[in-house]
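The values are calculated or read from the model by the stated rules, or taken from the named source; none is laboratory data. From a predicted model like this one, the values you see are computed outputs, not experimental measurements. Neighbour counts run over all protein chains shown; Cβ positions are idealised from the backbone, glycine included.
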Amino acid sequence: MKLSEYFNQEEHDFIIKECLFQLWSHSDDPMFIVAVEEDGEFSLYDNNAASRMVMGIEPNQIYHRNRIRDMFPEELVEGFYSTYRTAIASKKPISIEQYTVKNGEDVFFNTLLVPIFDKQGNPIFICGISHETTTIRAAEKMAVEASVKLKEYNVGLKQINESLDAKVRERTAALELAKVELEEALEAKSSFVARMSHEIRTPINAVIGLSDLALNNSPNNNEQQDYLQKIRDSGEILLSLVNNVLDFSKIEAGKLTAECVRFSTEKLIRTTVNMNAFGAHAKKLELVTDIADDIPEYLLGDPLRIQQILVNLVSNAIKFTDSGTIIIRLSCDKLDEDRALLQCDVVDSGIGMSSAQLEQLFSPFTQADNSVTRVYGGTGLGLTISRQLCELMNGEIKVESELGKGSTFTVLLPLKIPTEQPLFEVIDSTNALKVLVVDDHSLSREVLAKLLGGFGIKSTCVGSGWEAIDVIRQSDQSGMAFDVVFMDWQMPDMDGIETSRRIKELFKELAPPILMISAYEKHHIQSYIDTGIIRQFIEKPIRKSTLFDAINQFFSIEKIALESEETAIVPHLSGFHILLVEDNLINQQVALGYLKSTGIHVDCAENGQIAIERIQETQYDLVLMDIQMPVIDGLTATSLIRDMGLDYELPIIAMTAHTSPEDIEKSLASGMNDHIPKPIPSDLLYRMLNKYLMQRRAEKSENHNPLSIESDFNDQLSMLYRISGLRVQKAIHSLKNDTTLYLKIVQSFWSQYKAALSSPQALSLTLDNHRLLNDIHSLKSNASYIGAENISQDCEVIERKILNKEALDDSLLDGVIDKMKSLLTELNPVFDTIEQDENSLNLPLSVTLEKVLELLKRNDFKVESYIYTLQQKSKVTEYRGEINKIIKNIIDLEYEKASELVLQLLIKLSGS
């Protein structure tokens, strides 16, 4: 069926049922449905093909409530009935061991039975799925037999010395065989877990991706948004459970390894909070972060594993806390110059645990709440995996808890400290600033006050909106008004928004600027920012760099070095053509949903064989390749594509649920360039497309139209991306992702200052210029708009010195001039071509062709600057076909062929 563009509940339910029916039809595991009859008997409602094969019954015969007692011998019937009654009595899913006889041999199964009850609590169905465990049982049996034989050998050793050597060799061979078979069985188990996890993750990824697209693109009402968000959150939880099982299996097999990369401690905590913010918000819990001053901004370790531990601890804290506060506290002790012991405490005010519960807390598949009427769900694997991950990184995890008084989990990890750390320097004048912090939680106030103190800023702290209004009134009356207010949103009695509104009403234009602080519902703040009640939103947990940037909007604070993260934007890719290789139609829909907003041209292929055929027919700019597919898988397809000997560079990016380090290595070894995990993170997808398309000049396929205006746009934008002195991504993001506007602004900048290329004096950056302050201020703003941060920062230093009447020497001005010359030199090829083309449009076609011919004969790349002129002239002449061929050969660097075509056209134009 054709999937709807917008969310449709009926269609959504149909697709889920269709997927489950396909699993029923094609699964190798037996599945069955047993009906509970009113007389206490049981009947076979239906079973799948795999079940019928095992049970030895007709595969195509229709079964509907066939009495089990009439289908099987009495001894088997009683066994079946016993397990059914056990499942009904337990009132929950149970797992049992079963066996049958196939071809004269015992076949063992592990069966999951799920009882189904009607609204009155009467049993109506029992659903079951079985997985064959014969191989594992055989391996276990063989291991036991090998152990028995080893004991027999020890007895025989004492009795028969003469045959010692022969018996040793015989028993050793038996043990080796048993070991090999046992390892094969374990490998089969690991392979099964990995395969099943991938099969389960595929529909989960689709649920998450489609929910994400629906949330972002559909005009749903609040109720639908709530449903979609809960579907997405449930998908994330399911994915987390599957990943936990897979991690547990890897840890058991000793295949899990930790990496050592540079990571931001603040980003680690922020991501942890973001992933748990909705859960905390739903229960009205306060998430408080307390990061010690002496923690390095960056550490070396495995951030994904550390985050996995912290997310698990915080989500557990939320799960077992009904009211109060959850504190995430980060501190460290230096072990030596380049190593530190990182300590992270997660403190909750929840139900706590008894000493008996603490003893078994870290055991797999064990939970503090294991009663029949469980309140708190989960697999019982999270803490087990967290402890094993800590041990993997040479750390430990501890817990202190008291029943009814909450718990404190402590993680200790020895990590390395990188030598390069960001620096912050604040000018002395900020000591005079007056800052008000409004937060009902005392620890949150202390944390923010401590961060402000780190910049030399003293603050006044209050715990409610009413206190804030009183303090602001007193400060106004004393003539010492506050310069800025940091206002918490979620406060009792009167929240931050209402407090801000009252402050604006009471103090009007004298009201200090208010910065709203919260971990929740950022999009609800926008309307208050638009009306001026709130100046800015700051997301909790507050980072040092975030706070620095917020203050810098109101006051002049010099930043010596600060790394700012760039938010991935939706790139403009309409001039490119890519191939999406994905066998799952829902995953295709998710990927196409993300790609649609880029304007890129996408072809789809359902497997590796079709992908190879498409690449033989079309020259693509990039391929997004799934790994697990029918006919030819992604790894094999990539290897075959690399062996095709293409005469152009074709980036191939894996897009798969296989995300382990081993899987990534396999992808790279097959010839892929990079790796995107599923569910697809849209920001990572856009960054990958930027990396391989926008930041280099992709080769154009033959069917690509060289006359496309979008092609010119992409060429110019990609050239800007390659200029090292421009933070293009950040600048575009500040312009609300308007790439067209950004390109116009950069061109205006180049037009305004390009005269400095021929005459540096044109900038007028001299000490005797009476307008120097205005010129520097203007250049600072202009450079900031286009992302030339190094020039903007230098201008800010000069501007401050002029305002403070400090000594200013020529070296600072010369530095700005040098950087401007360097930037304008790099901008010149981007925009100079446009002016040349515009001037050339008024010349006769023959004159333009003569200039083109001259450059072609010299093999001069400047000939490309005439492409735009030729494009425009071809629209108003009868020689459009000939000109298009000339342009095509220029683009393909076939200058000799282009020269022949230009000469032929000149002859035609001259009439001789």
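Some values worked out for this structure:
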quantity	calculated
Residues being modelled with pLDDT under 80 and more than 24 Å from residue 727 (Cβ to Cβ) - total across the range 585-606	5
Residue 863 being among the β-branched types (Val, Ile, Thr), surrounded by fewer than 19 Cβ atoms within 10 Å (Cβ to Cβ) and at pLDDT below 85	no
The range 81-128 - residue that is of a type in the set (A, V, I, L, M) and touching a helix residue (DSSP H, G or I) at 6+ places or on another chain (Cβ under 9 Å) and, of those, farthest from residue 141 (Cα to Cα)	126
Residue within the range 883-903 that is over 30 Å from residue 778 (Cβ atoms), modelled with pLDDT of 75 or more and not in a helix (DSSP H, G or I) present	yes
Residues of the range 568-611 satisfying the condition of being in a helix (DSSP H, G or I) and crowded, with 19+ Cβ neighbours inside 10 Å	587, 588, 590, 591, 593, 594, 595, 608, 610, 611
Residue that is surrounded by the most Cβ atoms within 10 Å (Cβ to Cβ) [pool: residues in the range 104-122 that are part of a strand (DSSP E or B) and of a type outside the set (A, V, I, L, M)]	115
Residue check for residue 745: β-branched (Val, Ile, Thr), more than 17 Å from residue 815 (Cα to Cα), in a helix (DSSP H, G or I) and in the same structural domain as residue 729 (by TED's automatic domain parsing)	yes
Looking only at the range 12-65, and only at residues there that are in contact (Cβ under 8 Å) with a residue 24 or more places away in the chain, touching a strand residue (DSSP E or B) at 6+ places or on another chain (Cβ under 9 Å) and among the aliphatic types (A, V, I, L, M), the one that is farthest from residue 207 (Cα to Cα)	55
Any hit, the range 658-672, residues being in contact with a helix residue (DSSP H, G or I) (Cβ under 7 Å, 6 or more places away or on another chain), surrounded by fewer than 18 Cβ atoms within 10 Å (Cβ to Cβ), closer than 17 Å to residue 579 by Cβ and without any contact (Cβ under 8 Å) to a residue 40 or more places away in the chain	yes
Residues of the range 761-781 satisfying the condition of being in a helix (DSSP H, G or I) and surrounded by fewer than 15 Cβ atoms within 10 Å (Cβ to Cβ)	761, 762, 773, 774, 778, 781
So residue 141, is it among the charged types (D, E, K, R) and in contact (Cβ under 8 Å) with a residue 40 or more places away in the chain	no
Filtered residues of the range 80-95 (kept if surrounded by 15 or more Cβ atoms within 10 Å (Cβ to Cβ) and touching a strand residue (DSSP E or B) at 6+ places or on another chain (Cβ under 8 Å))	80, 81, 83, 84, 87, 88, 94
Test result for residue 89, farther than 22 Å from residue 132 by Cα, outside any helix (DSSP H, G or I) and of a type in the set (A, V, I, L, M)	no
Single unsatisfied condition, residue 576 versus (1) modelled with pLDDT of 75 or more; (2) under 30 Å from residue 498 (Cα atoms); (3) aromatic (Phe, Trp, Tyr)	(2)
Selected residue [under 30 Å from residue 173 (Cα atoms) and out of contact with any Lys or Arg (no Cβ under 7 Å at 6 or more places or on another chain)] from 147, 95, 130, 82	147
Residue match in the range 64-82 (condition: closer than 28 Å to residue 180 by Cβ and in a helix (DSSP H, G or I))	no
The range 49-62, subset out of contact with any Ser or Thr (no Cβ under 9 Å at 6 or more places or on another chain) and surrounded by 12 or more Cβ atoms within 10 Å (Cβ to Cβ), residue nearest to residue 36 (Cα to Cα)	52
Residue match in the range 623-643 (condition: of a type in the set (A, V, I, L, M, F, W, C), out of contact with any Lys or Arg (no Cβ under 8 Å at 6 or more places or on another chain) and more than 18 Å from residue 583 (Cβ to Cβ))	no
Top-ranked residue of the range 615-639 - restricted to ones that are part of a loop (DSSP other than H, G, I, E, B) and in contact (Cβ under 8 Å) with a residue 60 or more places away in the chain, ranked as farthest from residue 650 (Cα to Cα)	628
All positions within the range 872-912 that are among the β-branched types (Val, Ile, Thr) and surrounded by fewer than 13 Cβ atoms within 10 Å (Cβ to Cβ)	876, 877, 907
Hits in the range 135-188 - residues which are closer than 25 Å to residue 99 by Cα and modelled with pLDDT under 75	182, 183, 184, 185, 186, 187, 188
Residues of the range 387-402 that turn out to be in contact with a helix residue (DSSP H, G or I) (Cβ under 8 Å, 6 or more places away or on another chain) and not in a helix (DSSP H, G or I), as a count	5
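Results for (1) under 31 Å from the mean Cα position of the chain (by Cα); (2) part of a helix (DSSP H, G or I); (3) at pLDDT below 75; (4) of a type outside the set (Val, Ile, Thr), shown as yes or no for each residue.
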{"site": "737", "(1), (2), (3), (4)": "yes, no, yes, yes"}
{"site": "790", "(1), (2), (3), (4)": "yes, yes, no, yes"}
{"site": "802", "(1), (2), (3), (4)": "no, yes, no, no"}
{"site": "808", "(1), (2), (3), (4)": "no, no, no, yes"}
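Yes/no matrix, rows are residues, columns are (1) aromatic (Phe, Trp, Tyr); (2) surrounded by 19 or more Cβ atoms within 10 Å (Cβ to Cβ); (3) part of a helix (DSSP H, G or I); (4) outside the structural domain of residue 445 (by TED's automatic domain parsing):
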position: 312; (1), (2), (3), (4): no, yes, yes, yes
position: 321; (1), (2), (3), (4): no, yes, no, yes
position: 326; (1), (2), (3), (4): no, yes, no, yes
position: 331; (1), (2), (3), (4): no, no, no, yes
position: 340; (1), (2), (3), (4): no, yes, no, yes
position: 345; (1), (2), (3), (4): no, no, no, yes
position: 362; (1), (2), (3), (4): yes, no, no, yes
